[in-house]
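The values are calculated or read from the model by the stated rules, or taken from the named source; none is laboratory data. Everything numeric in this text was worked out from a predicted model, so none of it was measured. Note: ideal-geometry Cβ built from the backbone for every residue, glycine included; neighbour counts use all protein chains shown.
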């Protein structure tokens, strides 16, 4: 009798617990999908003169002894660095080393027949005249490439201008669309801001050919182009 009573009580307790779980699940709130939400984007762009010049100076060496080739590259790079540092000035002419590599050359039999190596020195800054004149004085390396861009200061300034334009266009478009759909206004739900710039970069091969024609102490003529800085604002608004 006691066994049956205990079993009945256990079954009743289990039934009540299951019922409590069922009620708890039934009372879990459900969220309706957002309504009257509009996705849109707007862009602002500003064209600006490029103010950053980067010259790449390179040299190559080859031979049968890898240590000798490496020593020749180091000597050429050290001489170039010594000359470039004389004119270095933060922001106007910054000097840094680039690629330095040594790799084997194989013959038809697959065995190593020699070694090739290359070294690179980069002159970069806003003072175009100082950079080109310094590059012309370096005798142990030749011009390998030229590129233009925007300095950090110029980029920050222009991005701020383009961003202001993009935000105003985003707000104007959101207001127009809200009225077009019969709403009195809108409120922001989420927004993202992305920036990028596009500019013309001369082909290094063409510039290198011009450099070969230049005589010692004669700087290679360079002329910067323009960059277009674009900022895009995208997101969603709640129509109300």
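Residue 195 meets all of the listed conditions (1) surrounded by 16 or more Cβ atoms within 10 Å (Cβ to Cβ); (2) modelled with pLDDT of 95 or more; (3) within 28 Å of residue 37 (Cα to Cα) but one, namely (2).
Listed here are the residues, each with its yes/no results for (1) in contact with a helix residue (DSSP H, G or I) (Cβ under 7 Å, 6 or more places away or on another chain); (2) farther than 28 Å from residue 221 by Cβ.
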site: 59; (1), (2): yes, no
site: 65; (1), (2): no, yes
site: 73; (1), (2): no, yes
site: 102; (1), (2): yes, yes
site: 123; (1), (2): yes, no
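Looking at the structure I just gave you, is residue 68 more than 20 Å from residue 142 (Cβ to Cβ) and in the same structural domain as residue 134 (by TED's automatic domain parsing)? Taking the combined requirement at face value, the residue satisfies it. Only a single criterion out of (1) farther than 19 Å from residue 149 by Cβ; (2) crowded, with 16+ Cβ neighbours inside 10 Å is not satisfied by residue 135, namely (1). Here residue 72 qualifies as at pLDDT 95 or above, in contact with a strand residue (DSSP E or B) (Cβ under 6 Å, 6 or more places away or on another chain) and more than 30 Å from residue 159 (Cβ to Cβ). The single residue among 98, 160, 145 that is surrounded by 19 or more Cβ atoms within 10 Å (Cβ to Cβ) and either touching a strand residue (DSSP E or B) at 6+ places or on another chain (Cβ under 8 Å) or at pLDDT below 95 (or both) turns out to be 145. Condition test on residue 44, is it assigned by TED's automatic domain parsing to the domain that holds residue 181 and crowded, with 17+ Cβ neighbours inside 10 Å? Judged against the criteria, residue 44 is a match.
Go through region 101-132 and report how many residues are part of a loop (DSSP other than H, G, I, E, B), in contact with a strand residue (DSSP E or B) (Cβ under 9 Å, 6 or more places away or on another chain) and surrounded by fewer than 12 Cβ atoms within 10 Å (Cβ to Cβ). Qualifying residue count, region 101-132: 1.
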